[in-house]
Amino acid sequence: MLTEERRNQMLNLLKVSNNIIVKDLAEHFEVSVATIRRDLTELEKVGLLKRVYGGAVAAEYQAKPYISFMTRVSEFSKEKEAIGREASKLIKADDTIILDMGTTTLQLAKYLKNLQSLTVLTNSLPIINELIDSRVTVFTLGGRVRLNEYSIVGSLGLETLKSFHINKAIIGCGGFSIEHGITQYSYDVAQLTGHFITHCDKAILVTDSRKFGKNVSVKIENSNRIDTIVTDSNISNEWKRKLLDQGFNVVIANT
């Protein structure tokens, strides 16, 4: 395939998606990652797209302003609370679980406080605070503190993960699509989420339904290992069917 033809096809992909991902493009066009990066650089020079970490977005795409963690806690609060309540039914008293950072997993933590013999590993400072005076045994994962997100990221916590047999990992997402699976806004967050999925017997995604069909910056490669998805009752029949067709166990929380 000629370079010009490949670049035109890349621009066509941008017309049907908010972003394109370097690794996916390299596999699709059967060229090197370096070649794709050169293509994106040249297309950006002429104003046809905008480079972002791991890929590119359309030139007219405007990133949403940053919304603080504490603001997000109050967004879709009824849906998140319902999801947390429903997801808590999947946790047993003697489990060892990972609770990912996020506003939905925080709601789940509130329903776990009275479970005896439950062990929680987390990189979320609000979750630690929520469980600090409960019956739950809590281990924090080491790393760099993201002050604006009240969370911890980095590779330091991986040794802690290796020390435990983890029954379930409950994770959130920035977006979820059939094509790309789980995506996250931050490379550090995506890498850590991938490790959470790797080190557990069963991975559970908790997310409100507005994130279905949405792709954000960084893809999580092993998100196909997700077993169960817990979401709110606003999910469309079309998306419920898509998830069931892909083999996911779908749990609907009534709001």
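A compact table of results
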item: Cβ-Cβ under 7 Å pairs, at least 6 apart or on other chains, the range 173-189 side in the same structural domain as Met101 (by TED's automatic domain parsing), far side in a helix (DSSP H, G or I) and surrounded by fewer than 23 Cβ atoms within 10 Å (Cβ to Cβ); result: Cys173/Lys211; Gly175/Lys211; Phe176/Lys211; Ile178/Lys242; Gly181/Ser223; Gly181/Asn224; Ile182/Ser223
item: Tally of residues being over 24 Å from Lys23 (Cα atoms) and touching a residue at least 12 places away in the same chain (Cβ under 8 Å) across the range 244-255; result: 8
item: Residues that are of a type outside the set (D, E, K, R) and free of Cβ contacts under 8 Å to residues at least 24 places away in the same chain, drawn from the range 209-242; result: Asn237
item: Single residue of the range 140-163 satisfying the filter (in a helix (DSSP H, G or I) and of a type in the set (Gly, Ala, Ser)) that is farthest from Leu106 (Cα to Cα); result: Ser155
item: Residue in the range 43-82 that is modelled with the lowest pLDDT, counting only those that are acidic (Asp, Glu) and in a loop (DSSP other than H, G, I, E, B); result: Glu60
item: Leu108, sole failed condition from (1) within 19 Å of the chain's Cα centre (by Cα); (2) more than 16 Å from Ile204 (Cβ to Cβ); (3) buried (at least 18 other Cβ atoms within 10 Å of the Cβ); result: (2)
item: Top-ranked residue of the range 71-105 - restricted to ones that are surrounded by 20 or more Cβ atoms within 10 Å (Cβ to Cβ) and among the small types (Gly, Ala, Ser), ranked as farthest from Thr228 (Cα to Cα); result: Gly102
item: Boolean, Leu40 is assigned to a helix (DSSP H, G or I), out of contact with any Cys (no Cβ under 9 Å at 6 or more places or on another chain) and in the same structural domain as Leu147 (by TED's automatic domain parsing); result: no
item: Extreme residue, surrounded by the fewest Cβ atoms within 10 Å (Cβ to Cβ), among residues of the range 173-193 that are part of a strand (DSSP E or B) and out of contact with any Gly (no Cβ under 7 Å at 6 or more places or on another chain); result: Gly181
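The values are calculated or read from the model by the stated rules, or taken from the named source; none is laboratory data. Small disclaimer: the values here were computed from a predicted structure and weren't measured. All Cβ positions, glycine included, derive from the backbone under ideal geometry; neighbour counts span all protein chains shown.
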